[in-house]
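To start, the structure under review is shown below, and the notes come after it.
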Amino acid sequence: MTKPHLALLLGALFLLPSAARAREDCRPPAAVCAPRTAGALPLIERGTPLPVLVDAADFPAVRLAAAALREDLAAVAGRAAPEDATPRMAVIAGTLGHSPRVDRIVREQGVDTTDVAGTWEAYLLQVVERPEPGIERALLVAGADRRGTAYGLYELSRRIGVSPWTWWADVPPPRREALYIAPGRFVDAPKVRYRGIFINDEDPALGGWSKATFGGTNHQFYERVFQLLLRHKANFLWPAMWLPRAFYDDDPKNAELADAYGVVIGTSHHEPMMRAHHEWARYGQGPWDYRRNAETLQAFWRGGIERLQGREAVVTLGMRGDGDEPMSEETATALLERIVADQRRIIGEVTGKPVEQTPQVWALYKEVQDYYDKGMRVPDDVTLLFSDDNWGNIRRLPDPADRRPGGYGVYYHFDYVGGPRNYKWLNSTQIERAWEQMRLAWAHGVERLWVVNVGDIKPLELPISAFLDQAWDPDAADLEWIRTYPARWAAEQFGPAHAQAIGDILTRYTRLNARRKPELIDAATWSLVHDREAGRVLSEWDALVAQVQALAPKIPASHRDAWYQLVEYPVLASANLNHLHVAVARNRLYAAQGRASANAWADRARELFARDAELQRVYEQDIAGGKWIHMMSQPRIGYTHWQSPPRNVLPALASVDAPEKGVTGVAVEGDPLAYPALLKAPRLPELDPVAAPTREVVVFNRGQAPIAFTATSRTPWLKVSPAAGEVADEQPLRLEVDWDALPEGRHEGVVYIRGQDWTEVYVTVPVHKPPRHAGARGFVEGNGVVAIEAEHYARAVPPPGGRWQVIPTLGRTLSAVAAWPATGEPLVPGGDGARLEYPVVMHEDGEVELRVLVSPTLDVRNRGGLRYAVSVNDEPPQLVNIRLDPSPGDPDFTAWEAAVIDNGPVARSRHRVHAGANTVKLWLVDPALVFQRIELARRPLPPTTLGPVESARR
């Protein structure tokens, strides 16, 4: 797409229907635009909006949505609609069969509702001429049911430019003097039946904020939650339930208001029969143990169903242990089957209806999946709710050919409390990863329920929107959809002017945070010694901060609160956190080396720790008039195990007792020691014209007074600069090779460093000038390594009936490549089978380890792992199996834990290569795998988190 076309697209984003946002004009049916087009109806004209009319007898959900649209139109226009008894033009909304006014218009005007009536949550938008006496023209919003009508009204709000986050992120509606809706007929309906969120792990942030703002998670709080859901055309909620919260018991108006808005309430995976976990502590008697206390538990559960009073709900079945723990150490299949049968009997008795008429779900979460894997089944009308591993990787999916009346669902996570560590602070889920996993679920037939754990709601605004928008129409959420989503979402919050830049910032910030979640970062994460990793990572964060700071003055004052919440705070706070941990790492390393600057780095760490608190203070007290007090109070610094510390804790710092006089020290790249050292001389990693044309040696001061030094190369082809100087703190020395003067082969040089205090250090400098291999093309070996991003293949042979797709920005360093569709049977590698080919240039014959980094996808079909094959040149493909299992005690649990910590497992195989041109072939076997990188290494790689940078390509 050209830049002019992209600008047109973004400029029209607010004013196009969601199903037509890729269009660049106002011709689609019911498109909302600022310029008037032929036959268009003015929604706002000369600053005056149309009135919104609904029947008083229609559902409360419709009346509430109509009131919201009136407010939104008034906010956009700058004034409310006049209260005419019979307006000349209007928006007329109603539910088919429940609105006499709309039914009459449909009947008398011959409005086609055949694809609306009887379709779950469907709605129609259509401009109608002379709908009734006195009204010349109207926009008709007709819904198949109460939510369908409400969605039509909220969709209209979104089209006129009102963000779903208008209250939750202080996104102001745009002001418009005129807006018009195009003629034509637009019909929409969701593909996934239940789509929603789970508020969880909500203390201290959302819990503290809701108490300060509303007095708790009462109906005033939930009204804001319901509005957020409906503005996203979602319909389902698992309410907050920790410390201790109980949706029905805390405030009876919670349930009444949910029913009024039309929001379907469930209870979470471990809260059966509509009873909150904490209600057992309040009213239960005896143990939470069905073997010993079945009668009491049945009475408790019966009360949960009775309390519904016929309201719409999805009832969770089954039973876990008290406090979201396993029910027992063994797989108690027979007991759980009995529990489910008794629960269903209670549902039927209380409702007086066939039990299958009450929506029910069995959550296959953690150990409950073991029951399913070992053969336990529930009646076909019950929805099977599969789960991810709490880290965004779906554990199990059905055979796409299997269909059941109750259907399937997925419980997904953007937030988690548990091992290997909590992640609750900022967004660390790439929307590309959630999209890829939920696309996989949809392809396997998961169409009944999509629910995602969103923790405190804020600051997960972007992934929540993407998840719910995808759930509305997964078929439309293709690769182009996810590629352009960040910019489209940014335009919805900030307008089109800077949408592409903001979308890019959000994408990059999330990828950097997803590499290693903020809670998992510490002083050991980014290497100070190898591959200049810490410096490279901080450079990426600094570039992102600079982009934010350059863009900030261009953001209108009206959007500054939203900007700080959605963009500025997440980037600045994340960058600050990484700088803090690297400062702590420098302090500790430099103290171990005896550098006097270790003390300055301790001071720097303290400054960064204080800056973290100041950024939080601005979020909670300065923006939006202090609206978001406590909302960033989740501790994120000072973790020592899986659970978060009670408050942010500055990591332990070291100090150095530096002498007054200057003392010379030397540190070399690739070595944590300081020199001179007893019985050891420094040796640099090899210089190489491709991978490492330069290296660095640092002369540092162990004392307080400046000290002079000289640095001399004992080899004419090796240059060192500067050759002399005075060191107050440290002085990096750059080592370069005159490659033209150096013959091919391996060589060694020496750099002699002498301090004013008579300290002497001889640094050995190994150098390799490889042969040119004339005519060989591909990624060139450097320093014994070839690293390739998966998308940089030279040839892609697609699977039968499928294709390879590059998923932009997914992964730790660039992007990812996956085969689509991903529902087929395993393929046999070899011949002209599906594969990716990568040409590489190796310097000599020998054996290499071939490492493939993939996304931490799990074996969703339970076939014994996910496999790919790899070969070099014409050797037979070597099958590699990746086995990850999040079940503690499983042999593959350790591999899973390492995979989610690093957001990607590395699989290994060994191969022979020859000098010159080689071809690495990555063969598709199990289609669900997502490839990120390929690395060939002759030697063990240094201990870094991200691995080597991508090799040069000849």
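None of the figures in this text is laboratory data; all of them are computed from the coordinates on show. These figures come from a predicted structure and were not determined experimentally. Here the Cβ is made from the backbone with ideal geometry for all residues, glycine too, and neighbour counts use every protein chain on show.
The figures follow:
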quantity: Low-density loop cleavage sites - GluC sites (Glu not before Pro) in the stretch 330-378, where at most 14 other Cβ are within 10 Å (DSSP); calculated: E330
quantity: Calculated P(r) tail over 22 Å for the stretch 664-769, as whole % of Cα pairs; calculated: 27
quantity: The stretch 188-235 - Rg and Dmax from Cα coordinates, angstrom; calculated: 13.0, 39
quantity: Nearest-0.05 FRET efficiency for R307 and K627, computed from C-beta distance (R0 25 Å); calculated: 0.15
quantity: C-alpha long axis of helix 146-159 to longest principal axis of the chain, angle in °; calculated: 50
quantity: Amide proton proximity set for R835, modelled H, under 5 Å, gap of 5+; calculated: V797, L924
quantity: Extension gain (nm, one decimal) between R803 and R291, 0.36 nm per residue minus Cα-Cα; calculated: 179.1 nm
quantity: ³J(HN,Hα), Karplus 6.51/-1.76/1.60, whole Hz, each residue of the stretch 941-948, x for Gly, Pro; calculated: 6, x, x, 10, 7, 9, x, x
quantity: Degrees, to the nearest 10: 431-443 long Cα axis against longest axis of the chain; calculated: 60
quantity: 0 to 90° range, to nearest 10: angle between helix 533-551 axis and the chain longest Cα axis; calculated: 50
quantity: Sites S721 and A677, calculated FRET efficiency, Cβ-Cβ separation with R0 30 Å, nearest 0.05; calculated: 0.75
quantity: ³J(HN,Hα) computed for each position of the stretch 242-247 - Karplus, 6.51 cos²θ - 1.76 cosθ + 1.60, integer Hz, glycine/proline x; calculated: 9, 6, x, 10, 9, 3
quantity: Qualifying GluC sites (Glu not before Pro) in the stretch 71-108, DSSP loop, other Cβ atoms within 10 Å at most 12; calculated: E83
quantity: Kirkwood Rh, angstrom, the stretch 509-626 [1 / mean 1/r, Cα pairs]; calculated: 15.4
quantity: Whichever lysines have a C-alpha closer than 18 Å to that of K769, once near sequence neighbours (fewer than 8 apart) are set aside; calculated: K719
quantity: The chain - Kirkwood radius from inverse mean 1/r over Cα pairs (Å); calculated: 30.8
quantity: Label-to-label distance, nm, for residues given as D402 and H914 (7 Å Cα→Cβ offset); calculated: 4.9
quantity: Residue list for the stretch 337-369, given a label point 7 angstrom along the Cα-to-Cβ vector of D380 and an amide N cut-off under 14 Å; calculated: 356
quantity: Positive-end residue, the stretch 22-179 charge dipole about Cα centroid, Cβ charges, pick of A90, A80, L64; calculated: A80
quantity: Qualifying GluC sites (Glu not before Pro) for the stretch 599-661 [loop in DSSP, other Cβ within 10 Å: at most 11]; calculated: E660
quantity: Simple label model, 7 Å out from Cα along Cβ direction - D729 to R224, nm; calculated: 4.4
quantity: Estimated vicinal HN-Hα couplings, Hz - the stretch 591-604 in sequence order (Karplus 6.51, -1.76, 1.60; Gly, Pro = x); calculated: 5, 5, 7, x, 6, 5, 5, 4, 5, 5, 6, 5, 5, 5
quantity: Contour excess over end-to-end distance, with Cα ends at D112 and E760 and 0.36 nm allotted per residue; calculated: 224.2 nm
quantity: For A30, residues with placed amide H under 5 Å, excluding near neighbours; calculated: A182, G184
quantity: Förster-model FRET efficiency, 25 Å R0, R611 and A543, C-beta, rounded to 0.05; calculated: 0.85
quantity: Cα gyration tensor, the stretch 144-204 - rounded (a/c under 1.5), prolate or oblate; calculated: oblate
quantity: Cα convex hull volume per residue for the stretch 3-188 (Å³); calculated: 115
quantity: Length released on extending from R345 to D890, taking residue separation times 0.36 nm less the Cα-Cα span; calculated: 192.6 nm
quantity: Reachable aspartates and glutamates from K921, criterion Cα separation under 19 angstrom, eight or more residues apart if same chain; calculated: E781, E789, E791, D832, E837, D845, E847, E849, D874, E875, E935, E950
quantity: Exceeding the 26 Å Cα-Cα cut-off - candidates K253/K366; K233/K253; K211/K253; calculated: K253/K366
quantity: Normalised contact order of the chain, rounded percent, pairs of Cα under 8 Å and 6 or more residues apart; calculated: 9
quantity: Point-to-point label distance, D322-E136, nm (Cα→Cβ direction, 7 Å offset); calculated: 7.2
quantity: Amide H partners (placed H, <5 Å) of R695, local residues excluded; calculated: L735
